[in-house]
1. Looking only at strands (runs of 3 or more DSSP E) that lie completely in the range 102-179, which have at least 2 residues being of a type in the set (Lys, Arg)?
2. Take the conditions modelled with pLDDT of 90 or more and within 20 Å of GLY57 (Cα to Cα) and apply them to TYR114. Does it pass?
3. Among what's in the range 39-65 and is more than 13 Å from the chain's Cα centre (by Cα) and surrounded by 20 or more Cβ atoms within 10 Å (Cβ to Cβ), pick the residue that is farthest from ARG95 (Cα to Cα).
4. When you check PHE175 against the structure, is it closer than 23 Å to LEU78 by Cβ, touching a His at 6+ places or on another chain (Cβ under 7 Å) and surrounded by 16 or more Cβ atoms within 10 Å (Cβ to Cβ), yes or no?
5. Could you tell me which residue of the range 154-172 is surrounded by the most Cβ atoms within 10 Å (Cβ to Cβ), considering only residues that are in contact with a helix residue (DSSP H, G or I) (Cβ under 7 Å, 6 or more places away or on another chain) and in contact (Cβ under 8 Å) with a residue 60 or more places away in the chain?
Amino acid sequence: MGIAFIIFVFFLLIAYFFLSRTASPVPYFPSNQKDMNAIVDYLKLRNNHTVIDMGAGDGAVIFAAADYAQRHSLNTRLIAAEINPTLLGILYLRRLLHPYRAHISIMYADMFHYPFSKIATTKTVTVFYYISPWLLQQAYGHITHELPKARIVSYFYPLPHKKPSKQTKGVHQLFVYSA
């Protein structure tokens, strides 16, 4: 009975970090794998480019981008920003095992307050996010303040009151904006 209790407590802790607004204010929903090629295409990876995934979750987008950048011999800098400690652990483990790991940074960061202008050191910056529609405007405001020349790719939800420069349909939609 002791081991069952320990496993139960472990799963309760995991659930807490996935569902608690204190531990993670944005719920975790992974990007659909069927859209991953379109997402990477919309990131427009190239040399001397920084890509920041706000709320990177398990890193599906960052590691798909890393695979692409490695295949094409790019020096793209990839940054996974995440606040959920459980997902951060997954990100660190995935980076440890990835051959492009020297180009991948993982940050414990609140997407609504972190000074991203201090880490986006290249001239070309793309920000990717897949967050709840009620938080999009707040995230967009912070991004445009911190990275006024960034290109923004939003997955699933469009920004309210903002016309995208590019839009596509896959399983879910992608929207591209200029900051």
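1. 166-169
2. It is true that TYR114 is modelled with pLDDT of 90 or more and within 20 Å of GLY57 (Cα to Cα).
3. Going through the qualifying residues, I end up with TYR42.
4. Spelling it out, it is not the case that PHE175 is closer than 23 Å to LEU78 by Cβ, touching a His at 6+ places or on another chain (Cβ under 7 Å) and surrounded by 16 or more Cβ atoms within 10 Å (Cβ to Cβ).
5. TYR155
The values are calculated or read from the model by the stated rules, or taken from the named source; none is laboratory data. Everything quoted here is computed from the prediction, not taken from an experiment. Note that each Cβ is placed from the backbone with ideal geometry, even for glycine, and that neighbours are counted across all protein chains shown.
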